[in-house]
Amino acid sequence: MIWVGEFDEGERWLHRATETLRSDSAPAIGVAMHLVSAMLHAGRGLNDDALAEFTSAERLQSQLIGTHRVTSCTARP
């Protein structure tokens with residue numbers, strides 16, 4: 001919902017997901033939650049809040065072990 005500009009509805013779903021997830025969930029889930037929160041804030045013009053969420057996502061991402069298969073693929077001729 002956030003991606004299509006439905007910020008109020010997207011925020012409700014974001015809060016619902018946040019309540020459902022435990023604080024010790026996998027870092028990848030935390031990264032996704034912070035990225036979605038950042039997009040919500042950016043869409044509403046709350047740039048400082050968006051930057052804080054992007055920073056949190058980056059910090060959690062550094063905890064991930066290994067590289068995702070999709071990001072490590074290279075094009076072959």
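Each value in this text was obtained by applying a stated rule to the coordinates, not by laboratory testing. Nothing here was measured: the structure is a model prediction, and the numbers come from that model. A quick note on method: Cβ atoms are made from the backbone with ideal geometry, for glycine too, and the neighbour counts reach across all protein chains shown.
Give the peptides 11-21, 39-49 in descending order of average Cβ contacts within 10 Å, highest first.
39-49, 11-21
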Label-point separation in nm, residue 28 to residue 12, each point 7 Å along Cα→Cβ:
3.0 nm
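Given that compact globular proteins tend to follow 2.2 N^0.38 Å, what is the ratio of the alpha-carbon Rg of the stretch 1-48 to that value?
Values: Rg = 10.9 Å, N = 48, 2.2 N^0.38 = 9.6 Å.
Rg over 2.2 N^0.38 Å, computed on Cα atoms: 1.14.
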So the FRET efficiency between residue 19 and residue 44, C-beta based with R0 = 25 Å and rounded to 0.05, is 0.75
